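Undergrad: Structure in structure tokens, see below.
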Amino acid sequence: MTPSSHESAATPATADHSAGPLAGIKVLDLSAYIAGPYGCTLLADQGAEIIKVEPPQGDNLRNYPSTLPQESRAFIGVNRGKLGIVLDLKTEAGHDALMRLVDQADVLVHNFRPAVPAKLGITYDSLRERNPRLIYCALTGYGDTGPMRDKAGYDQVLQSMSGICALQGAPGDAEIVYGSVVDYYAASMLAASVASALYARERTGHGQYVGVSLLASALAMQSARFVWADSEPRERFRDMRSGGITGLHPTGEGSIYLSANTPHFWAALCELIGRPQLAADPRFDTVRKRAEHADEIVPVVRDALRAHSAKEWERIFGEQVPCSAARDIEDMFDHPQVLAQGLVETYQHDNAGPYRGLARPFRFGDVPLAAQRAAPRLGEHTEEVLASVGIVVDKDAS
């Protein structure tokens, strides 16, 4: 569909502003995949109106493998709470439509490589001339300067580069951490930095450029390891794991994670598994000593854990030993603590049908929040959103 410049009134989709601390804030989300879109979703969770702008072929995340027959599970999970429009920014009509939206926007987010915005005519310098109050957030793989600035960045590439993969598994046997952890951490950094820029605008009246990168996010989430004293050699073990008993252990059925670093928890663990002699042994009375004697202690603990399943041990340990059975994500949909926190929402989606998914992951005590909406279908709100800036979509145009 191609926009034309006929005048039109605003429609219900754009007139229905959300409640929340960011109510009234309009965000143009030009990003794709996970980090940028989910950062915008976190802003939507706080009440901002998010307009997801996709090219005619859509966000490539829509094409990722999914067991849902007509929709990408990844896309609908990452893009809840948004309006969705299609614009071809490589055409004059698509670019002009975006400029009209920029004139009314508070925030624009993209994850293009640094050289691309100039080609599309959407650099920060050009957009701030139109809208000096605009917060312009560029999410990149490696930052907007330096020799790698124009490389495409992806979660697992940055995991491999930044030492995250080398930390997993046995020494010399790097492993990926699945779950797009760098993307999701970058999304949180994006939402936080945009909110800070909006706060600064309240004091100065001016927008600003905000830069977030996967590289910085991958290092930020390792801040406790990313420390190198002048007196240290390169081969310093920087892992923060306690070692010894702390970790995953097999049981009679399933695995359980145990954390018994304090004297109190260590003593309780030994008592409850029927091995009180371990707690009484002075060779094992500190975390460091237990790590040094792990080869001796762990087999004894694991032998005792075979007596019950992981979930049975979870009940036995109760509040006395920090632990959790290793569960599947499916178990979280009906977990009593998850439900008590209101973290599951039922959504309606034309393609996927009704489904349960994550509700907003935080609360505001004194600010009402509007009902959440499912992720948009491709171009679902194009007509309504463009009508709000005086553009009528020509449905017959290619």
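Each value in this text was obtained by applying a stated rule to the coordinates, not by laboratory testing. Because the structure is predicted, anything quoted here is derived from the model rather than measured. So basically every Cβ, Gly included, is an ideal-geometry build from the backbone, and we count neighbours across all protein chains shown.
Undergrad: Among [x] 19.1; [y] 16.7; [z] 24.3, only one was calculated for this model; which label is it, if the read-out is mean projected area of the Cα convex hull in nm²?
TA: Here the calculated entry is [z].
Undergrad: Oh, and also: Under a Cβ-only charge scheme (Lys and Arg +1, Asp and Glu -1), can you give me the dipole magnitude of the range 255-325 about the Cα centre, in debye to the nearest 20?
TA: The calculation lands at about 80 debye.
Undergrad: Next up: Could you tell me how far the Cα centroid of the range 335-370 sits from the Cα centroid of the range 49-92, in Å?
TA: Between the Cα centres of the range 49-92 and the range 335-370 lies a distance of 20 Å.
Undergrad: Mind checking which helices in the chain clear 27 Å along their axis (Cα) and have mean Kyte-Doolittle hydropathy of 1.0 or more, DSSP H runs only?
TA: none
Undergrad: Mind telling me which of Val298, Val344, Val102 comes out most flexible in a GNM of the chain, alpha-carbon contacts under 10 Å?
TA: Sorting by GNM fluctuation, first place goes to Val298.
Undergrad: Here is a follow-up. Under the rule of at least 5 residues apart or a separate chain, name every residue whose amide H is placed under 5 Å from the amide H of Val393.
TA: Excluding prolines and chain starts, which carry no amide H, the hits are Ser4.
Undergrad: With an 8 Å Cα cut-off and a minimum separation of 6 or more residues, compute the relative contact order for the chain in percent.
TA: Here the relative contact order equals 24 percent.
Undergrad: Here is a follow-up. Number of Lys-Lys pairs in the chain under 19 Å by Cα, sequence gap 8 or more or different chains?
TA: 7
Undergrad: Between Met332 and Ala170, what is the label-point separation in nm under the 7 Å Cα-to-beta-carbon projection?
TA: Modelled inter-label distance: 3.1 nm.
Undergrad: Taking amide H positions as placed in the peptide plane 1.01 Å from N, state which residues far from Gly207 in sequence (5 or more) or on other chains have amide H under 5 Å from it.
TA: Long-range HN contacts for Gly207: Arg133, Leu134.
Undergrad: Counting only C-alpha contacts under 8 Å and six or more residues apart, can you give the relative contact order of the range 225-315 as a whole percent?
TA: It comes to 35 percent, rounded to a whole number.
Undergrad: Pop the C-beta distance of Val300 and Asp366 into the FRET formula with R0 = 35 Å and round what comes out to the nearest 0.05.
TA: So the FRET efficiency works out to roughly 0.10.
Undergrad: Per residue of the range 344-356, what does 6.51 cos²θ - 1.76 cosθ + 1.60 with θ = phi - 60° give for ³J(HN,Hα)? Whole Hz please, x for Gly and Pro, Karplus curve as stated.
TA: 10, 10, 9, 10, 10, 9, 4, 8, 7, x, x, 8, 9
Undergrad: Which value in deg cm²/dmol, rounded to the nearest 500, describes the helix-derived mean residue ellipticity at 222 nm for the chain, given -39,500 (n - 2.57) per DSSP H run of n ≥ 4 and division by the residue count?
TA: The helix-only estimate for the chain comes to -9500 deg cm²/dmol at 222 nm.
Undergrad: Sticking with this structure for a sec: Can you tell me which of Cys165, Cys137, Cys40 moves the most in a GNM of the chain? Springs connect C-alpha atoms under 10 Å apart.
TA: Per the Cα network of the chain with a 10 Å cutoff, Cys165 tops the list.
Undergrad: Also, I was wondering about something else. Once amide H atoms are built 1.01 Å from N in the peptide plane, which residues 5 or more positions from Ser255, or in another chain, come under 5 Å H to H?
TA: Here the answer is Ala326, since their amide H atoms fall under 5 Å of that of Ser255.
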